[in-house]
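See structure below.
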Amino acid sequence: MHFLHAPQIWQDYPQLVPGLLFVENVHPNVRVDDQLQPLFDRARQRMRETTESQLAEIVAWRRAFSQMGLKPTQYRSAGEALLRRFRKEDDLPRLHPLVDLCNAVSLAFALPVAVFDLAQVDSFLEVRYATGVEQYLAFNDEVETPPAGEVIFVDAGNQVHARRWTFRQSRRSVIGTETRQALIVSEALHETGAGDMKALMKSLVANLAQVWDVPKKQVILTAESPRFDL
């Protein structure tokens, strides 16, 4: 099992900074409320000072969506979508402890943080441009075919695990009560992305270690070293 971004993605988005963690022994029988609140507080502080649309992290993702030919106010990165919901409700729904923690870290750092159940991934995950033959399972159980040229997360079986890059994850690999191994992926595109990604990864590892095993494998990828072997 491995993860990578296709060379064309690195060529088109040379500012990309992906951070990844491989987590084992996941189970839902833990409480993460103590970990969530400091992360929520950090997000609240940032939102008191500005709106999400003015954050450098969000501006960079909006620019990327425009580069992909998408309207950034119609298709928002997962990080921006969470911040908008949090600004309105001052909380997020609880789904699964691992997802809840990743969502809180996403809020705190204004970056998308995806988490995939690896039991539902065939051989690898690659971020690349769609060819028009891949299949995506939506949360309403409809099967969609992303158009050629769309940036997707896809596995060896041409199953799409996220559409429009960081817009929406597939139902296929969502974290559930039976999940035991997971891959966490965050991606930054803004000017200080390298330093912010290191801080995000440090926060994730520290919070995960309080409720599960310390992640055994973690990495920040580069164009020169684009592959993460799990």
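Where residues in the range 210-230 are aliphatic (A, V, I, L, M) and part of a strand (DSSP E or B), which of them is farthest from Ala56 (Cα to Cα)? Among residues in the range 210-230 that are aliphatic (A, V, I, L, M) and part of a strand (DSSP E or B), the one farthest from Ala56 (Cα to Cα) is Val219.
Val154 meets the conditions (1) closer than 19 Å to Pro18 by Cβ; (2) crowded, with 16+ Cβ neighbours inside 10 Å; (3) over 17 Å from the mean Cα position of the chain (by Cα) in every case but one. The failed one is (3). Taking (1) outside any loop (DSSP other than H, G, I, E, B); (2) farther than 14 Å from Phe109 by Cα; (3) out of contact with any strand residue (DSSP E or B) (no Cβ under 9 Å at 6 or more places or on another chain) in turn, Phe40 satisfies each apart from (2).
Residues in the range 194-209: is at least one among the acidic types (Asp, Glu), out of contact with any Ser or Thr (no Cβ under 6 Å at 6 or more places or on another chain), buried (at least 22 other Cβ atoms within 10 Å of the Cβ) and not in a loop (DSSP other than H, G, I, E, B)?
Filtering the range 194-209 for residues among the acidic types (Asp, Glu) gives 196.
Imposing the further condition that a residue be out of contact with any Ser or Thr (no Cβ under 6 Å at 6 or more places or on another chain) reduces the set to 196.
Imposing the further condition that a residue be buried (at least 22 other Cβ atoms within 10 Å of the Cβ) reduces the set to none.
Within the range 194-209, none of the residues are among the acidic types (Asp, Glu), out of contact with any Ser or Thr (no Cβ under 6 Å at 6 or more places or on another chain), buried (at least 22 other Cβ atoms within 10 Å of the Cβ) and not in a loop (DSSP other than H, G, I, E, B).
Kindly indicate whether any position in the range 85-97 is crowded, with 18+ Cβ neighbours inside 10 Å and within 13 Å of the chain's Cα centre (by Cα). Within the range 85-97, none of the residues are crowded, with 18+ Cβ neighbours inside 10 Å and within 13 Å of the chain's Cα centre (by Cα). The single condition among (1) farther than 26 Å from Val121 by Cα; (2) among the small types (Gly, Ala, Ser); (3) at pLDDT below 95 that Gly195 does not meet is (3).
Within this structure, Leu36 fails the test of being buried (at least 18 other Cβ atoms within 10 Å of the Cβ), of a type in the set (A, V, I, L, M) and closer than 27 Å to Thr222 by Cβ. Among the residues of the range 167-193, those that are in a strand (DSSP E or B) and not hydroxyl-bearing (Ser, Thr, Tyr) comprise Arg168, Gln169, Ala182, Leu183, Ile184, Val185, Glu187, Ala188. Checking every residue in the range 151-174 against the condition of being modelled with pLDDT under 95, among the charged types (D, E, K, R) and over 22 Å from Pro38 (Cβ atoms) gives zero matches.
Taking first residues from the range 185-212 that are over 16 Å from Ala114 (Cβ atoms) and partners that are among the charged types (D, E, K, R) and modelled with pLDDT of 95 or more, the Cβ contacts under 7 Å between residues at least 6 apart in sequence or on separate chains come to His190/Glu57. The number of residues in the range 189-230 that are more than 15 Å from Leu16 (Cβ to Cβ) and of a type in the set (Val, Ile, Thr) comes to 3.
The values are calculated or read from the model by the stated rules, or taken from the named source; none is laboratory data. Note that this is a predicted model, so its numbers are computed, not measured. All Cβ positions, even for glycine, are placed from backbone atoms using ideal geometry, and neighbour counts span all protein chains on display.
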